[in-house]
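Enquirer: Please find one structure pasted underneath; my questions will follow.
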Amino acid sequence: MTARSIGRRTGPFITTKEHRRFTEFANTIRQHRTIGLCFGPAGVGKTLSACRHAHWDVAEPLLQSWGPRDPSDEKVYAALARSRTVFYTPTVGGTLRELRKDLDVMTTRVDICIKQDKSTDSDGQRFVSRESMVELIVIDEAERLSTSAIEYLRDMFDRTEIGLIFIGMPGIEKRLARYPQLYSRVGFAHHYRQLQGDELTFVLTRHWRQLGLSLDNADFTDTQAIAAISRITHGNFRLLHRLFVQIERILRINALNVITEDVVEAARSTLVIGAT
């Protein structure tokens, strides 16, 4: 999944407590140049946070097209200079050759962009280094990696000064534990959790505002709607977005301006909801 498709399918990015925890986790991995594991249920925001941390939503169009430079590309250089991160999602059934080629190409392009940033040294000259400026590689959908790909990444980690993060579903840590040479190098793990309590209310408030409505915790109708949404989604970020797409449609069709429990249930009936 690309950063552009993520934006279309999830709506505007919302900075949550879990995202801030992921950012702290990623910065620690980058600082200590070690290996980290991030795991959590589908749809809680792991990929969103990783893309945001890497500024992939800004950088991906340039890195994929890789055509002639434009003055507007300066914002991409600056973003990548801040993150110094490559975000990569293996393809389903991808080969080791494909993984090696893709990572090499993307790492090289990110490195070039970082060196094009207008950072300067003490003499006021543009900073240039022969060494790679990339400090972190994030591998999303790590369950797709083959045994040979995992061994390659472990070898790459040993030969470079680049940190490495694997992102996957709960259980990815148990799978990687079967590779002792890799697992012994894991420095940190981060369990990405679902939205709860005040944080869920904060996100719901944003969704209400996007529909031009206000959320009032003292209003019994709003409280009922919140309880129904919480029960249906269990704080799953992706499912929340899907549900509100349907809520907006139902409000528009029926010329309503209040989100009630009945509206939420009607929206839920149009969705296919799996385990969250």
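Enquirer: Could you work out how much longer the chain between residue 82 and residue 15 gets when fully extended? Use 0.36 nm per residue separation minus the Cα distance between them, nm to one decimal.
Expert: Roughly 22.3 nm would be gained on extension.
Enquirer: Per the 1.4 Å probe, what fraction of the accessible area of the stretch 1-117, in percent, lies on carbon and sulfur atoms?
Expert: C and S atoms contribute 50 percent here.
Enquirer: Roughly how many percent of the accessible protein surface of the stretch 150-268 is carbon and sulfur, given a 1.4 Å probe and a whole-percent answer?
Expert: So the carbon and sulfur contribution to the accessible surface is 49 percent.
Enquirer: Something else now. Return one whole number: the accessible area per residue of the chain in Å², for a 1.4 Å probe.
Expert: 52
Enquirer: Say each of residue 144 and residue 95 gets a label point 7 Å from the Cα, pointing the same way as Cα to Cβ; how far apart are those two points in nm?
Expert: Result: 1.7 nm between the two label points.
Enquirer: Only helical DSSP H runs with n ≥ 4 go in: add -39500 (n - 2.57) per run for the chain, normalise by residue count and round the 222 nm mean residue ellipticity to 500 deg cm²/dmol.
Expert: Calculated at 222 nm, the ellipticity per residue is -16500 deg cm²/dmol.
Enquirer: Match the structure shown to one of the listed values (1) 51, 44, 40; (2) 62, 48, 31; (3) 58, 43, 32 of Cα extents along the principal axes in Å, computed from it, and give that label.
Expert: (2)
Enquirer: Over the chain, what relative contact order in percent results from Cα pairs under 8 Å that are six or more residues apart?
Expert: Relative CO of the chain lands at 25 percent.
The values are calculated or read from the model by the stated rules, or taken from the named source; none is laboratory data. Quick caveat, the model's predicted, so the values are computed rather than measured. In this analysis, Cβ positions are derived from the backbone assuming ideal geometry, glycine residues included, and neighbour counts consider all displayed protein chains. In case anyone asks, the SASA skips ligands and DNA or RNA and just uses the protein heavy atoms, side chains included. Shrake-Rupley method; radii C 1.70, N 1.55, O 1.52, S 1.80 Å.
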